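Following: one structure in structure tokens, then a few remarks.
The values are calculated or read from the model by the stated rules, or taken from the named source; none is laboratory data. Quick caveat, the model's predicted, so the values are computed rather than measured. Every residue, glycine as well, gets a Cβ built from its backbone with ideal geometry; the counts of neighbours run over all protein chains shown. The accessibility values were calculated without ligands, DNA or RNA, using every heavy atom of the protein model including side chains. Shrake-Rupley method; radii C 1.70, N 1.55, O 1.52, S 1.80 Å.
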Amino acid sequence: MTIFPDPFPWASVASTLLTVFLSFGGFVIGIRAGKNNRDRGFLRDTYKSIYTHLRMLKESIALGKPMQWDSFRTEGNKYIPPVKALELDGTINALPDGLAKSLIDVEQTTLFNNWQWKKMIEDGVGPEIKSAMHDRIDGEGKSLEKRPYRQVRISSLMLLDSNQTAELAEGLETGDIGLGIEFSLQGGRTDMLHAYPETLKSGTL
């Protein structure tokens, strides 16, 4: 499968992923230090909720669909993610000062990087891959009735290595199963292009 733009902005992607994974590991270490000096009963639930929040941020990136600001509740005209909520109600002050500051920075940086990732997909990579797919398939890329296909988000596709990409395309190229690539559009909408063995122009994507 050779539908990636050249050159691909791997540096930007790597920076986004590295920020979250390193911050997640640092938070686990911070928990151990902070819990020794604070009221364990009060903080247990707070640490648990923060840990769950960071884990969800991490897993959403690994799944290729990073959480955005609009993944969280609103207050007035602002989105309030969990750490921001702790800051607003004063709970953040019960945490060690260094850890509290780090959590605020991590959440803001992660969500900003996730937004940049989404914009890169929507405005840059996505349209190029969509155009490349249209060049390689017959028709408009609609699904074929009763024909199975593997579904993958365009942002997930960006995270696959060469071996995983080859495995994804193997069924398509051997005639067993189709491939549906889901594209994120502005306004939270999505679109999907389908490719099947019989719709490929050259026998390979």
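Of all residues in region 38-67, how many are under 24 Å from the mean Cα position of the chain (by Cα) and crowded, with 16+ Cβ neighbours inside 10 Å?
12
Within region 83-98, the set of residues being surrounded by fewer than 19 Cβ atoms within 10 Å (Cβ to Cβ) and assigned to a helix (DSSP H, G or I) comprises A85, E87, L88, D89, T91, N93, A94, D97, G98. I'm checking my understanding of the structure. Among residues of region 105-123 that are more than 23 Å from T165 (Cα to Cα) and aliphatic (A, V, I, L, M), which one is surrounded by the fewest Cβ atoms within 10 Å (Cβ to Cβ)? Only one residue tops the list, namely V106.
Considering only region 71-82, I want to know if a residue exists there that is hydrophobic (A, V, I, L, M, F, W, C), part of a helix (DSSP H, G or I) and either free of Cβ contacts under 8 Å to residues at least 60 places away in the same chain or open to solvent by less than 30 Å² (accessible area, probe 1.4 Å) (or both). Talk me through it step by step, then tell me what you get.
Filtering region 71-82 down to residues hydrophobic (A, V, I, L, M, F, W, C) leaves 72, 80.
From the residues that got through so far, the ones that are part of a helix (DSSP H, G or I) too are none.
Scanning region 71-82 turns up no residue that is hydrophobic (A, V, I, L, M, F, W, C), part of a helix (DSSP H, G or I) and either free of Cβ contacts under 8 Å to residues at least 60 places away in the same chain or open to solvent by less than 30 Å² (accessible area, probe 1.4 Å) (or both).
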